[in-house]
Amino acid sequence: MTQLSQRMVELGTAKSEIREAFAFAQARAAEIGPENVDDFSIGNPSVPAPDTVAQMVHQLVDTVDPIQLHGYTPAQGDGAVRQALADDLNRRYGTDYDPDCFYLTAGAAGALCCVLSALGCPGDVFLTFAPYFPEYKVFVESAGGTLTAVPANLEDFQIDFAALEAALSPKVKGVIINSPNNPTGVVYSEATIRKLAQMLTAKSQEYGHPIWLISDEPYREIVYQAEPLPWVPSYYTNTLVCYSYSKSLSLPGQRIGYVLVPRTAEDFDLVYAAVCGAGRALGYVCAPSLFQLVVANCTGQTADIAVYRKNRDLLLTALREMGYTCAQPEGAFYLFPRSLEPDAKAFCRRAQKYDLVLVPGDSFGCPGHVRISYCVPTEQIQRALPKFRKLAEEYRQG
Ligand code: PLP
C-alpha cells in the first residue's frame with residue numbers, strides 16, 4: 001500500500017460540522033423542496049458582486065491582449081495592481097504604503113497560509129481568541145506551529161485581557177485577530193485594539209522578540225456601526241494584514257486577496273521576502289491574473305451590504321424578543337446566540353426537526369452557542385422566524 005502523509009489523510013477525511021450541516025440542508029431540500037428548508041449553515045455571500053465587476057471583466061476581455069490577460073504575473077502580483085491597492089488604503093487610512101508592501105494571494109486563506117509559513121518555526125505558538133475560524137488550526141499546524149485559543153469573553157466577545165496575559169509566553173510568535181468576526185459578528189472597539197497593542201508591545205520588549213499581530217480582515221467593509229473600524233497597523237507596527245475580496249465584493253470563488261506588510265514593521269525586508277518565499281514554497285505562483293486587474297479597478301466598491309444590515313436587524317430583534325441571548329454584532333453576516341441548552345449540538349439537532357439548519361459553536365472553539373449565517377435572502381429569515389419561536393417555546397415548556 002502507498003505510504004501517505006497521515007496528517008493529510010486525516011485532514012482530507014475529517015468531518016466538518018459546517019459541511020455536515022450544509023449537506024443535511026441539501027439532502028432535505030432534495031427531499032421536501034428548498035422552500036421548506038432554512039439553511040443558515042454557510043458563509044457564502046448572498047448578494048451578487050457589483051455590476052462594475054462584470055463590466056470590468058467584459059472590458060478587460062475585450063481590450064487586453066489575451067496572452068497578457070491570462071498570463072503569469074510577477075509572483076507578488078502585477079505592479080500596477082499593487083499600486084492601485086496601495087493608493088486605495090493610503091486614501092482611506094492616511095498611510096503611505098507602496099506596491100512593494102503587497103503580496104497578492106488566493107483569498108484570505110492563501111494570505112494566512114503565506115504569513116503563517118513565513119513566520120512559523122518549530123515550537124512556535126500562535127494565539128487566537130475563541131470563538132475563531134476553524135481553519136486557523138489547520139493553517140498554523142501546516143506551518144509547523146501550534147494554535148492556542150484564548151478563552152472567550154462571553155459577555156461581548158471583546159478580548160479578555162487577563163486570559164490573554166495568562167496565555168502569552170516567550171514561545172508566542174503571533175496573535176491572530178479577526179474583526180469583524182466570524183462567527184460572532186462582533187467588531188473590536190478602538191479601546192480593545194489600543195489595549196491589545198499596548199500589551200503586545202510590552203510583552204515583545206520583555207521577551208526580546210516581536211509578537212506579530214496577524215489581522216485577518218475578510219469582513220473589513222461589512223460594518224454596521226457608525227464609528228469607523230480601527231486600522232490595526234496604525235496602532236501596532238508589527239501587524240501583518242490578510243485581506244480578501246471574497247466577502248466585500250462577493251467573489252469567494254475567484255480566490256483573490258492580499259498580504260500587506262507595512263514598511264515600518266520590524267525587519268521589513270526579511271519579513272516581506274519570507275512571505276514571497278512562503279508563496280513560492282506553497283506553489284501559489286501568482287494570484288489569479290484576471291481578477292487582480294478586476295479588483296484593482298473596483299477599489300472602494302462593495303457588494304450591496306444593505307441587505308445584510310436588514311437581515312441582521314430583522315433576525316436580531318426577533319430572536320431577542322423570543323428570549324435568545326446574543327452579543328451585539330456590528331459587522332460580517334453572522335449571529336452567535338447562546339444555545340437554549342448547554343449542549344449546542346443537541347440544540348442544533350432539535351432545530352433540524354424544523355428543518356432549521358444552524359452550526360454548533362463547538363466548531364469554533366466556543367460550546368454553548370450556535371452560529372447563524374444570515375447571508376441569505378431576507379424572505380428566508382421571515383420564513384424561519386416561526387421556527388425559531390417554536391424552538392424557544394419547546395425549551396420553555398421543558
Ligand atoms: N478568515 C475568515 C474569518 C473567514 O470567515 C474566511 C472565509 O469564510 C476566510 C478567512 C477565508 O476567506 P477566503 O475565501 O478569502 O479565503
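The values are calculated or read from the model by the stated rules, or taken from the named source; none is laboratory data. None of these values were measured; they are calculated from a predicted model. No Cβ is skipped: glycine too gets one built from the backbone with ideal geometry, and neighbour counts run over all protein chains shown.
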Failed condition for Tyr97, given (1) within 14 Å of the chain's Cα centre (by Cα); (2) part of a loop (DSSP other than H, G, I, E, B): (1)
What's the total number of residues in region 119-149 that are closer than 19 Å to Tyr207 by Cβ and either more than 16 Å from the ligand (Cβ to nearest atom) or not assigned by TED's automatic domain parsing to the domain that holds Phe268 (or both)? 10
Just need a number here: residues in region 300-327 that are in a loop (DSSP other than H, G, I, E, B) and surrounded by 15 or more Cβ atoms within 10 Å (Cβ to Cβ). 7
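Examine region 326-349 for a residue that is farther than 28 Å from Ala149 by Cα and free of Cβ contacts under 8 Å to residues at least 40 places away in the same chain, and state whether such a residue exists.
no
Before we move on, is Val259 touching a helix residue (DSSP H, G or I) at 6+ places or on another chain (Cβ under 9 Å), β-branched (Val, Ile, Thr) and either within 16 Å of the ligand (Cβ to nearest atom) or part of a loop (DSSP other than H, G, I, E, B) (or both)?
Details: touching a helix residue (DSSP H, G or I) at 6+ places or on another chain (Cβ under 9 Å): yes; β-branched (Val, Ile, Thr): yes; either within 16 Å of the ligand (Cβ to nearest atom) or part of a loop (DSSP other than H, G, I, E, B) (or both): yes.
Here the answer is yes, as Val259 does meet what is asked.
Can you tell me which residue in region 200-212 is farthest from Asn238 (Cα to Cα), limited to those that are crowded, with 18+ Cβ neighbours inside 10 Å and without any contact (Cβ under 8 Å) to a residue 60 or more places away in the chain? Spell out how you get there, then give the answer.
Narrowing region 200-212 to residues crowded, with 18+ Cβ neighbours inside 10 Å: 200, 203-204, 210-212.
With the extra rule that they be without any contact (Cβ under 8 Å) to a residue 60 or more places away in the chain, the set shrinks to 200, 203-204, 210-211.
Details: Leu200: 10, Lys203: 13, Ser204: 10, Pro210: 7, Ile211: 7 Å.
Checking each candidate, the answer is Lys203.
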Quick one: count up the residues across region 219-242 that are under 23 Å from Val125 (Cα atoms) and outside any strand (DSSP E or B). 6
Could you please let me know if Ala162 is within 16 Å of the ligand (Cβ to nearest atom), at pLDDT 95 or above and within 24 Å of Phe336 (Cα to Cα)? no
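Please list, ordered by residue number, the helices (runs of 4 or more DSSP H) wholly in region 1-80 having 2 or more residues that are within 26 Å of the chain's Cα centre (by Cα). It would help to see each step written out before you state the result.
Working: elements: 6-13, 17-32, 51-63, 66-69.
Correct list: 6-13, 17-32, 51-63.
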Of the residues Asn153, Asn182, only one is away from the ligand (no atom under 16 Å from the Cβ) and either within 21 Å of the chain's Cα centre (by Cα) or crowded, with 23+ Cβ neighbours inside 10 Å (or both); which? Asn153
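If I filter region 270-280 for residues that are part of a loop (DSSP other than H, G, I, E, B) and either in the same structural domain as Val125 (by TED's automatic domain parsing) or touching an Asp or Glu at 6+ places or on another chain (Cβ under 7 Å) (or both), do I get at least one hit? Before the answer, list the steps.
Step one: of region 270-280, the residues part of a loop (DSSP other than H, G, I, E, B) are none.
Scanning region 270-280, I find no residue that is part of a loop (DSSP other than H, G, I, E, B) and either in the same structural domain as Val125 (by TED's automatic domain parsing) or touching an Asp or Glu at 6+ places or on another chain (Cβ under 7 Å) (or both), so the answer is no.
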Residue hits (region 363-377; in contact with a helix residue (DSSP H, G or I) (Cβ under 6 Å, 6 or more places away or on another chain) and part of a helix (DSSP H, G or I)) are Ser363
Among (1) small (Gly, Ala, Ser); (2) touching a Gly at 6+ places or on another chain (Cβ under 9 Å); (3) farther than 26 Å from Ala49 by Cβ, the one test that Ala346 misses: (2)
